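What follows is a short report on a single structure.
The values are calculated or read from the model by the stated rules, or taken from the named source; none is laboratory data. Since we're looking at a predicted model, the values are computed, not measured. Neighbour counts run over all protein chains shown; Cβ positions are idealised from the backbone, glycine included.
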Amino acid sequence: MIRPRTPRREQLGEFLATRRRALRRADLGLPQGARRRETGLSREEISALAGVSVSWYTWLEQGRDINVSHQVLAAVARVLHLSPDETDYVVALAAPAEESEEPSPETAPEHLQHLVDALPFPAFIVAADWAIVGWNAGYAELYPPIAALAPEDRNLIWLVYTDPRLRSMLPDWERDSRSFLAEFRTESGVRLSSDRHRSLVARLRDASPDFRTQWAEHAIERFTSRTRVFVLPDGERRFEHHRLVPSDSTGLHVVAYVPIG
């Protein structure tokens, strides 16, 4: 019987294959592979180390819709040296698909817009696909183009990779873009198989060679509050970057840049 493929399982298979090929053989006590390879294990080697059948692991990497237990996934995660965030990501993708896709709002709820308007520093509201659905005067001052953007372009991850002005504001764009993309992928998780997310990723692949390169890395990283630096015409400005999830609108995030100094 040929197991069907599903978008979520294909996403899971791509991630596992990327991590398998990046493993250092010496870290697992294995000799160099064919052609003196120092990195990369075969599916057979992963299967043996995790104690699962080769067929089962092959189907997993192929994106087949197979039954997956948490115990077996934990064994695969251990062999692949996955971080806790990466393991959670794998477990979420392997879980049974939900019946329906959570709708994403086009505008912020009135009470959340009132909240960011009351803040004396830059703040904005993003949906699950990182569409910017609301912002305050402080954010419009920090990033003036926001109000004039077409709705389909008013998306944080889209702007990071396609807007030269935003790129120039980031003193270490390579590091920051990778961090943003890893967080986007982690938070999107199973939603990446939704029409809305797939359309966004397809647009970015067409528009940005940098996105194509970094997307293929399959980096996973949870958000943590941190210091952000922006380069502006009048000099550098430093902020603490925070994010809040409203209890009555869990599909939205309020992002706040609190000035430092």
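Taken residue by residue, segment 156-177 has at least one member that is under 23 Å from residue 260 (Cβ atoms), under 23 Å from the mean Cα position of the chain (by Cα), of a type in the set (D, E, K, R) and in a loop (DSSP other than H, G, I, E, B).
Please note which helices (runs of 4 or more DSSP H) are completely contained in segment 43-92 and include at least 2 residues that are within 30 Å of residue 183 (Cβ to Cβ) and either more than 25 Å from the chain's Cα centre (by Cα) or without any contact (Cβ under 8 Å) to a residue 40 or more places away in the chain (or both). Can you show your working first?
Values: elements: 43-50, 54-61, 70-79.
Output list reads 43-50, 70-79.
When you look at residue 199, is it crowded, with 19+ Cβ neighbours inside 10 Å and not aromatic (Phe, Trp, Tyr), yes or no?
Working: crowded, with 19+ Cβ neighbours inside 10 Å: no; not aromatic (Phe, Trp, Tyr): yes.
No; evaluated as a whole, the condition is false for this residue.
Of all residues being of a type outside the set (Phe, Trp, Tyr) and either surrounded by 14 or more Cβ atoms within 10 Å (Cβ to Cβ) or not assigned by TED's automatic domain parsing to the domain that holds residue 66 (or both) in segment 15-26, which is farthest from residue 61 (Cα to Cα)? Just the residue, please. If we take residues in segment 15-26 being of a type outside the set (Phe, Trp, Tyr) and either surrounded by 14 or more Cβ atoms within 10 Å (Cβ to Cβ) or not assigned by TED's automatic domain parsing to the domain that holds residue 66 (or both), then 25 is farthest from residue 61 (Cα to Cα).
If you go through segment 229-253 and keep only what is assigned to a strand (DSSP E or B) and β-branched (Val, Ile, Thr), you end up with 229, 231.
Any idea which of 9, 20 is assigned to a helix (DSSP H, G or I), within 22 Å of the chain's Cα centre (by Cα) and modelled with pLDDT under 90? Show your work before the answer.
Values: 20 fails: modelled with pLDDT under 90.
Checking each option against the conditions leaves just 9.
Cβ-Cβ distances below 7 Å connect no pair with a first residue in segment 98-118 that is under 18 Å from residue 243 (Cβ atoms) and assigned by TED's automatic domain parsing to the domain that holds residue 150, a second residue that is of a type in the set (Val, Ile, Thr) and at pLDDT below 85, and a separation of six or more residues or different chains.
Taking the criterion of being in contact (Cβ under 8 Å) with a residue 60 or more places away in the chain and among the hydroxyl-bearing types (Ser, Thr, Tyr), the residues of segment 162-201 that qualify are 168, 186, 188, 193, 194.
Among the candidates 106, 101, which residue alone is within 28 Å of residue 257 (Cα to Cα), out of contact with any Gly (no Cβ under 9 Å at 6 or more places or on another chain) and modelled with pLDDT under 90? Working first, answer last.
Numbers: 101 fails: within 28 Å of residue 257 (Cα to Cα).
After ruling out the rest, the residue left standing is 106.
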